[in-house]
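What follows is a set of notes on a single structure, which appears directly below.
The values are calculated or read from the model by the stated rules, or taken from the named source; none is laboratory data. Keep in mind that this is a model prediction, so the values were computed, not measured. When we count neighbours, we look across all protein chains shown, and the Cβ atoms used for this are built from the backbone with ideal geometry, even at glycine. Just the protein is used for accessible areas: all its heavy atoms, side chains included, with ligands, DNA and RNA removed. Shrake-Rupley method; radii C 1.70, N 1.55, O 1.52, S 1.80 Å.
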Amino acid sequence: MKLTCTQSELNTNLSLVSRAVPSRPTHPVLGNVLLQADAKNQRVSLTAFDLSLGLQTSFNANVEADGAIAIPAKLFNDIVSRLPEGDITLEDSLSEAESDADTESLSITLTSTSGQYKMRGMNSEDFPELPQIEDGMVVKLPVEALIEGLGGSLFATSADETKQVLTGVHLMVQEDSLEFAATDGHRLAVVETLNPKPTSEESQEDEEKPASEDTISSFELTVPARTLRELERMLGLSESSDTVALQFEVGQIIFQGGNHRLTSRTLEGQYPAYRQLIPGQFQRQVAIPRRQLLSAVERIAVLADQKNNIVKFDIDAQAQTIDLTVETQDVGSARESLSAQVTGESIEIAFNVKYLIDGLKALSTSDIQLQMNAANTPVILTPLGGLKMTYLIMPVQIRD
């Protein structure tokens, strides 16, 4: 194998796939990145796989000879990321192992404008193949819709591994819409985005692909948050007008976008019936500029008790104001007052500061609306215009 590529191209793609390399591999080869060079197509591909999450990417290069080798991921990444910009040549070779003249070991030599590095590798045949889905459903999803949906839901997933299904985002795909839902048991984020049908031009280009790819059937599945965070990074390298092909079967999902491929297991278990948690009507509504409220909450949160992080809202319908207060024993107290459009009766209600800030950051519009019934029932935050997002947060009980 022999190839030449740019440092920036190799570094970008290597950094992306290295995130799928396990910190404690169950088998030595999993601590490697698989490098494959294709002289016919003048392409290089990089693959990492931890047996649950797999990432593969490819890019153009000057490939003089085909070949493949598994290279220690951390060492490879650390070297490439520190090299100066310019061309890099990679060439593998077989060398006799010093300890045993009858065995051979693989190594690869990296040559750049600054010097030369030689690394021991492993046989590419020892590297496990990424899962393939032969008969699963294939649909095309808009990159822009995926970015919006993940940005408005991922933050609400649970970090508690004992809650299995809650550590992922529940994705519901329908013919004309996508729905993303995430909850950790204390708050719920739901995002609905449009899912345009493929154009006739796209359909013509894909005549040789399975018919199911141009026909979106309704389905739902739960994907690990870790997988979707890597998908977010992958989407960041795409144009917003691009599409991503989603292919899935029971227990397995594949995202293919441009030169990037992500494979992952799905989460098993019944996702909660979250729609039943959202109230159908509200007695009180508050409209307020999002940035103004977020800034006030972030300032006043500095004094919030580190044990409970509670901020109290005194919503005054007559004065059309919201007073934010924090009282922290042995530390101090704070109060901020904001103008707002209040409909319904006045109310005192309290929130977990972290949950509130997370939601306000995810709502991207300039103005938002808070809808509520009582101080102990769910409160809904929604954007006024723009993305169709619902953020449900449970109030905290106020103790006098």
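Cα atoms only: what Rg and Dmax, in Å, come out for region 37-176?
Gyration radius and largest Cα-Cα distance of region 37-176: 20.6, 64 Å.
Please compute the length gained on full extension between Ser93 and Asn308, using 0.36 nm multiplied by the number of residues separating them and subtracting their Cα-Cα distance. Could the numbers behind the result be given before it?
Numbers: separation 215, 0.36 × 215 = 77.40 nm, distance 5.98 nm.
Stretched fully, the Ser93-Asn308 segment lengthens by 71.4 nm.
Let me confirm the definition first: pairs of Lys residues in the chain, 8 or more apart or on different chains, C-alpha distance under 21 Å. How many are there?
13
If the chain between Glu249 and Phe219 were fully stretched, how many nm would it gain, using 0.36 nm times the residue separation less the Cα-Cα distance? Mind dumping the intermediate values first?
Numbers: separation 30, 0.36 × 30 = 10.80 nm, distance 1.07 nm.
Contour length minus the Cα-Cα distance gives 9.7 nm.
If you place +1 on the Cβ of every Lys and Arg and -1 on the Cβ of every Asp and Glu, how big does the dipole about the Cα centre of region 263-400 come out, in debye to the nearest 20?
On the way: 13 positive and 14 negative charges, 118 e Å.
About 560 debye.
Can you list the GluC sites (Glu not before Pro) in region 115-179 that are in a DSSP coil and have 12 or fewer other beta carbons within 10 angstrom? Numbers along the way, then the final one.
Values: sites: Glu125, Glu129, Glu134, Glu144, Glu148, Glu161, Glu175, Glu179; in loops: Glu129, Glu134, Glu175.
When the GluC sites (Glu not before Pro) of region 115-179 are filtered for loop state and at most 12 Cβ neighbours within 10 Å, Glu129, Glu134, Glu175 remain.
Given a 1.4 angstrom probe, what's the average accessible area per residue across the chain, in square angstrom? Walk me through the numbers before you get to the answer.
Values: 20020 Å² over 400 residues.
It amounts to 50 Å² per residue over the chain.
Using R₀ = 25 Å, calculate the FRET efficiency as 1/(1 + (r/R₀)^6) where r is the Cβ-Cβ separation of Glu348 and Gln276; round to 0.05. Display every interim value, and only then the final one.
Numbers: r = 27 Å, r/R0 = 1.09.
Given R0 = 25 Å and the Cβ-Cβ separation, E is 0.40.
Given the rule -39500 (n - 2.57) for each run of at least 4 DSSP H residues, summed and divided by the residues of the chain, what is its mean residue ellipticity at 222 nm, to the nearest 500 deg cm²/dmol? Mind showing how you got there, number by number?
On the way: 7 runs with 68 residues, N = 400.
Here the helix-only value at 222 nm equals -5000 deg cm²/dmol.
Taking +1 at the Cβ of each Lys and Arg and -1 at the Cβ of each Asp and Glu, which of Gln56, Cys5, Ile368 sits farthest along the dipole of the chain towards its positive end, judged by Cα position relative to the Cα centre?
Ile368
Treating only the Cβ atoms of Lys and Arg (+1) and Asp and Glu (-1) as charged, compute the dipole magnitude of the chain about its Cα centre; round to the nearest 20 debye. Don't jump to the answer; show the numbers that get you there.
Details: 31 positive and 57 negative charges, 326 e Å.
The dipole of the chain has a size of about 1560 debye.
With a cut-off of at most 10 other beta carbons within 10 Å, and DSSP calling the residue loop, which trypsin sites (Lys or Arg not before Pro) in region 361-400 qualify? Please list them. Working shown, then result.
Working: sites: Lys361, Lys388, Arg399; in loops: Arg399.
Those that pass, being in a loop and sparsely packed, are Arg399.
Over region 270-338, with every protein chain in place, what whole percent of the accessible area is carbon and sulfur at 1.4 Å, could you tell me? Could the numbers behind the result be given before it?
On the way: 1760 of 4110 Å².
In region 270-338, the share of accessible area belonging to carbon and sulfur is 43 percent.
Set Lys and Arg Cβ to +1 and Asp and Glu Cβ to -1, take the dipole of the chain about its Cα centre, and tell me which of Ser15, Thr382, Thr227 lies farthest positive.
It is Thr382.
Of Gln270, Ser295, Asn352, whose Cα points farthest to the positive end of the dipole of region 265-400 (charges on the beta-carbon: +1 Lys, Arg; -1 Asp, Glu; origin at the Cα centre)?
Gln270
Can you give the FRET efficiency to the nearest 0.05 for Val165 and Thr4, using r as the Cβ-Cβ distance and R₀ = 41 Å?
After rounding to 0.05, the efficiency reads 0.30.
Would you mind calculating the relative contact order of region 210-293 from Cα pairs under 8 angstrom and at least 6 residues apart, reporting the percent as a whole number? Numbers along the way, then the final one.
Numbers: 58 pairs, mean separation 19.9, N = 84.
The value is 24 percent.
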